[in-house]
Amino acid sequence: EAGVAQSPRYKIIEKRQSVAFWCNPISGHATLYWYQQILGQGPKLLIQFQNNGVVDDSQLPKDRFSAERLKGVDSTLKIQPAKLEDSAVYLCASSLERYGYTFGSGTRLTVV
Amino acid sequence: GENVEQHPSTLSVQEGDSAVIKCTYSDSASNYFPWYKQELGKRPQLIIDIRSNVGEKKDQRIAVTLNKTAKHFSLHITETQPEDSAVYFCAASDGTGTYKYIFGTGTRLKVLA
């Protein structure tokens, strides 16, 4: 099966600029997650979607981060305005059932 | 909420030796514990998982054990090979039924040839 697709692969922006990441989950996977992985740390959940509804966004910094999942398939994560501490890899994952989800290759964001 | 602690943060072993990584979790309602391997610059990949109704699971050279009473679980890699070198993350389901995972901070395993 095709994996979880993410783009872009890398992004460098200046602080206070905006940036958007895109994710296309595995076909048929109802649940989609965005994780933030800061260098040297484990992935931290930002938001979880079930179809096109939000299940959990308690860790999403809503003053600057937003995410949507239109039609329950693709998803975009946006940061506006970016801060230096947002430098991280943003991983998208999807799952069909409760056990074991598949990660995409991630977008490495550098804020300078 | 769930909290997962992972030790050690780095681990070096000689090729052919065994490696053990340990994790503890806080939410007694957690019922699923996956382990992910992440090579440099690549995505985390699921290597083994265990559900709370079993105490041990094995897949070739890797095994995972779970002690629900003590709320800890461990990854065991036997006969380590250089290609086992990577960062390993444990995770625990959060226990609320939403199927999201809380990850540990990772263990960097180096297998010395």
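A few remarks follow.
- Those residues of the stretch B:23-45 which are surrounded by fewer than 17 Cβ atoms within 10 Å (Cβ to Cβ) and free of Cβ contacts under 8 Å to residues at least 60 places away in the same chain, in sequence order: B:Ser26, B:Glu39, B:Leu40, B:Gly41, B:Lys42, B:Gln45
- Within the stretch A:13-56, tally of residues that are outside any strand (DSSP E or B), within 11 Å of chain B (Cβ to nearest Cβ) and within 14 Å of the chain's Cα centre (by Cα): 2
- Within the option set B:Tyr36, B:Tyr99, being over 14 Å from the mean Cα position of the chain (by Cα) and closer than 21 Å to A:Gly104 by Cα holds for one residue only, B:Tyr99.
- Within the stretch B:53-89, tally of residues that are assigned to a strand (DSSP E or B) and either at pLDDT below 95 or not aromatic (Phe, Trp, Tyr) (or both): 17
- Matching entry among B:Lys57, B:Lys100 (being within 14 Å of chain A (Cβ to nearest Cβ), touching an Asp or Glu at 6+ places or on another chain (Cβ under 7 Å) and basic (Lys, Arg)): B:Lys100
- Among residues of the stretch B:1-22, those that are loosely packed, with under 12 Cβ neighbours inside 10 Å and touching a Lys or Arg at 6+ places or on another chain (Cβ under 6 Å), counted: 1
- Where strands (runs of 3 or more DSSP E) sit wholly within the stretch A:65-112, those with at least 1 residues that are hydroxyl-bearing (Ser, Thr, Tyr) and at the interface with chain B (Cβ under 10 Å from one of its Cβ atoms) occupy A:88-95.
- Every residue from the stretch A:62-85 that is surrounded by 19 or more Cβ atoms within 10 Å (Cβ to Cβ) and in contact with a Lys or Arg (Cβ under 8 Å, 6 or more places away or on another chain): A:Phe65, A:Ala67, A:Ser75, A:Ile79, A:Ala82
The values are calculated or read from the model by the stated rules, or taken from the named source; none is laboratory data. Treat the numbers as computed from the prediction; the structure is a model and nothing was measured. Methodologically, a virtual Cβ is constructed for each residue, glycine included, from the backbone with ideal geometry; neighbour enumeration extends over all protein chains shown.
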